[in-house]
2 protein chains.
Amino acid sequence: MSPGKSRSQVRIALIQMACGVDPSENLKKALSRIKTAAARGARIVSLQELFKTRYFCQTKAQKNFGLAEKIPGPSTETLSKAARASRVVIVAPLFEKTPTGVYHNSAVVIDADGKVLGKYRKMHIPYDPWFYEKFYFAPGDLGFRVFKTRYARIAVFICWDQWFPEPARLAALKGAQIIFYPTAIGWKPENPREIKLYHEAWETVQRGHAIANGVFVAVANRVGLEGKLKFFGSSFVADPFGSVLCRASSSREEILIQDCDLGLIERTRREWPLFRDRRVDAYGGIASNA
Amino acid sequence: MSPGKSRSQVRIALIQMACGVDPSENLKKALSRIKTAAARGARIVSLQELFKTRYFCQTKAQKNFGLAEKIPGPSTETLSKAARASRVVIVAPLFEKTPTGVYHNSAVVIDADGKVLGKYRKMHIPYDPWFYEKFYFAPGDLGFRVFKTRYARIAVFICWDQWFPEPARLAALKGAQIIFYPTAIGWKPENPREIKLYHEAWETVQRGHAIANGVFVAVANRVGLEGKLKFFGSSFVADPFGSVLCRASSSREEILIQDCDLGLIERTRREWPLFRDRRVDAYGGIASNA
């Protein structure tokens with residue numbers, strides 16, 4: 001397989017990393033892996049959620065706000081140079097600080113010429129005895145966007161978003177071909193049975209989005225033990241009929257490479273013409289909690 | 001396990017049948033199996049899509065309209081007596097003829113005292129080189145209802161509906177605890193690889209609905225070879241986290257019995273509070289094809 005052999009064939013890469021305490025080291029590692037992925041022919045590279053830092057949301061500490069930065073800002077600029085140098089699209093999740101002092105769990109999308117196409121701000125914010133995301137992140141205010149990159153029309157949603165049918169549906173209706181879900185999901189390592197159960201549900205619900213919407217789904221998760229949580233990796237790509245095309249290990253760092261035949265989207269939707277039969281007259285109530 | 005040992009425990013049954021050419025024989029078989037299921041403690045029994053007839057949609061023939069009947073009508077009355085006699089809730093899919101000469105692929109829901117609670121009319125109608133449903137059935141006009149039966153709040157959707165996230169979401173928001181999907185899905189027996197693929201996607205997308213909405217999903221499919229199609233059975237029940245609790249064979253007639261702990265719905269939603277974090281401000285666009 002050579003990249004770009006057909007217009008509809010796009011090679012993507014998911015960077016599954018373990019993160020250390022030093023953000024600049026994590027960024028350096030990410031840049032090096034982006035370069036490797038590009039050398040292996042990848043045209044779109046996704047990093048995992050909050051790839052520059054440890055998953056700091058396990059504690060509530062004012063000092064953690066110091067990890068945030070503006071978008072665009074220093075990391076965006078560095079990544080932008082990398083995108084241009086390697087001619088790859090980059091999906092880079094960052095802890096974002098806004099001028100008004102509001103913080104978001106965001107992702108910047110950079111095109112293959114280095115141009116910043118825009119950003120996504122995580123819309124669904126979880127909160128659990130084990131992670132305090134609602135303490136750090138205001139819910140996103142930019143909606144569910146689709147980014148027209150050089151190689152594909154993509155949507156980027158982040159972690160908890162992946163459990164909701166609405167973002168995937170809205171993105172597909174707006175023309176997304178690949179939905180990236182940068183993620184940081186893990187659980188207590190002393191509960192392997194629960195990890196297995198959560199992993200299974202997590203993969204299944206996202207495969208369901210692929211099937212219901214006839215899109216590729218590409219999920220980059222982190223690995224490694226941080227505090228009480230073991231992040232379970234298992235990054236994967238599913239095709240528009242929900243088949244898992246590749247899956248990373250649950251504990252090792254990996255660069256997961258996958259060719260996606262975008263032509264499969266139209267072929268799948270012709271065979272399973274779900275969009276044709278939608279009842280746009282009857283879904284109004286979906287917007288409201290009853 | 002004894003049925004009704006706790007208020008939240010409900011035993012359900014899915015009748016997976018092969019259908020012959022004589023509707024009265026199919027009805028007789030269904031009644032006998034409902035009785036057996038009730039004797040085994042089932043409190044809600046679901047039949048498969050169009051259980052009274054063969055899957056006649058493989059051909060376009062005016063004479064097939066003669067198979068339709070009113071709801072309520074003769075079959076509803078017979079089933080109503082059976083419900084009262086066995087004290088079971090019955091979900092019975094029927095080919096419905098309306099007074100205006102419009103036909104629907106419907107299901108009647110009968111409470112355990114024999115009272116007709118209402119009907120559902122299939123909202124999403126497929127059409128394929130292999131089955132002409134749009135020829136026979138007008139798209140449903142009753143929306144996505146929830147029926148308050150004696151033993152649980154249930155929604156009933158039919159076959160093709162199961163590929164869409166919206167019905168499941170709307171039903172869950174209206175309080176459904178179990179979503180029944182009576183089905184007639186099959187494929188050409190000379191394509192076992194495709195049957196495997198379709199079965200996998202079919203089960204996955206419905207497990208996804210269970211996970212995203214924290215509800216039980218219960219799917220009764222038919223078996224047997226009819227014309228060009230082998231119906232692949234594999235009726236199943238999934239819990240609110242998408243785990244498959246039981247699954248029938250792909251070729252044998254079966255009465256699939258499963259205890260559903262409705263308390264699991266609230267426990268799952270507390271652990272995975274997806275509804276809490278929905279962005280009701282941001283889903284408006286879901287109603288429209290872009």
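The values are calculated or read from the model by the stated rules, or taken from the named source; none is laboratory data. Keep in mind that what you see is a predicted model, and the values were worked out from it rather than measured. Here the Cβ positions follow ideal geometry from the backbone for every residue, glycine too, while neighbour counts run over all protein chains shown. Accessible surface is based on the protein model in full, side chains and every heavy atom, while ligands, DNA and RNA are left aside. Shrake-Rupley method; radii C 1.70, N 1.55, O 1.52, S 1.80 Å.
Scan the range B:36-73 for residues that are within 30 Å of B:ASP259 (Cα to Cα) and either open to solvent by 20 Å² or more (accessible area, probe 1.4 Å) or charged (D, E, K, R) (or both) and jot them down. Across the range B:36-73, the qualifying residues are B:THR36, B:ALA39, B:ARG40, B:ARG43, B:GLU49, B:LYS52, B:ARG54, B:PRO72.
Taking the criterion of being at the interface with another protein chain (Cβ under 9 Å from one of its Cβ atoms) and assigned to a helix (DSSP H, G or I), the residues of the range A:153-166 that qualify are A:TRP160, A:TRP163, A:PRO165, A:GLU166.
Of all residues assigned to the range A:86-95, none qualifies as being touching a Leu at 6+ places or on another chain (Cβ under 7 Å), within 14 Å of chain B (Cβ to nearest Cβ) and within 20 Å of A:SER46 (Cα to Cα).
Would you check if there is a residue in the range A:206-222 being touching a residue at least 12 places away in the same chain (Cβ under 8 Å), under 25 Å from A:ARG121 (Cβ atoms), touching a Lys or Arg at 6+ places or on another chain (Cβ under 7 Å) and more than 13 Å from every other protein chain (Cβ to nearest Cβ)? Within the range A:206-222, none of the residues are touching a residue at least 12 places away in the same chain (Cβ under 8 Å), under 25 Å from A:ARG121 (Cβ atoms), touching a Lys or Arg at 6+ places or on another chain (Cβ under 7 Å) and more than 13 Å from every other protein chain (Cβ to nearest Cβ).
Meeting the requirement of 1 or more residues that are open to solvent by 10 Å² or more (accessible area, probe 1.4 Å) and either modelled with pLDDT of 95 or more or of a type outside the set (Asp, Glu) (or both), the strands (runs of 3 or more DSSP E) wholly within the range A:168-235 are A:223-226, A:229-232. Picking from residues in the range B:118-141 that are more than 16 Å from the chain's Cα centre (by Cα) and hydrophobic (A, V, I, L, M, F, W, C), the one that is farthest from B:ALA82 (Cα to Cα) is B:TRP130. Taking the criterion of being over 25 Å from B:GLN9 (Cβ atoms) and either among the hydroxyl-bearing types (Ser, Thr, Tyr) or in contact with a His (Cβ under 9 Å, 6 or more places away or on another chain) (or both), the residues of the range B:143-165 that qualify are B:ILE158, B:CYS159, B:TRP160, B:ASP161, B:GLN162, B:TRP163, B:PHE164, B:PRO165.
Would you call B:LEU117 in a strand (DSSP E or B) and open to solvent by 30 Å² or more (accessible area, probe 1.4 Å)?
Numbers: in a strand (DSSP E or B): yes; open to solvent by 30 Å² or more (accessible area, probe 1.4 Å): yes.
Considered against the rule, which asks whether it is in a strand (DSSP E or B) and open to solvent by 30 Å² or more (accessible area, probe 1.4 Å), B:LEU117 comes out as yes.
Taking (1) within 30 Å of A:ARG279 (Cβ to Cβ); (2) among the aliphatic types (A, V, I, L, M); (3) in contact with a Gly (Cβ under 6 Å, 6 or more places away or on another chain) in turn, A:LEU229 satisfies each apart from (1).
Of the residues screened, B:LEU256 is not one that is in a loop (DSSP other than H, G, I, E, B), surrounded by 18 or more Cβ atoms within 10 Å (Cβ to Cβ) and in contact (Cβ under 8 Å) with a residue 40 or more places away in the chain.
All conditions in (1) open to solvent by 10 Å² or more (accessible area, probe 1.4 Å); (2) modelled with pLDDT of 95 or more; (3) assigned to a loop (DSSP other than H, G, I, E, B) hold for B:GLY4, with the sole exception of (2). Residues in the range B:55-81 that are under 26 Å from B:LEU229 (Cα atoms) and not in a helix (DSSP H, G or I): B:TYR55, B:THR59, B:LYS60, B:ALA61, B:ALA68, B:GLU69.
Note on the range B:33-52: residues that are small (Gly, Ala, Ser) and assigned to a loop (DSSP other than H, G, I, E, B) total 2.
All of (1) touching a residue at least 24 places away in the same chain (Cβ under 8 Å); (2) under 30 Å from B:ILE211 (Cβ atoms) hold for B:PRO139 with one exception: (1).
Considering only residues in the range B:120-130 that are of a type in the set (Phe, Trp, Tyr) and surrounded by fewer than 21 Cβ atoms within 10 Å (Cβ to Cβ), the one that is modelled with the highest pLDDT turns out to be B:TYR127.
Residues of the range A:123-152 that are among the basic types (Lys, Arg), within 14 Å of chain B (Cβ to nearest Cβ) and part of a loop (DSSP other than H, G, I, E, B): A:ARG145 alone.
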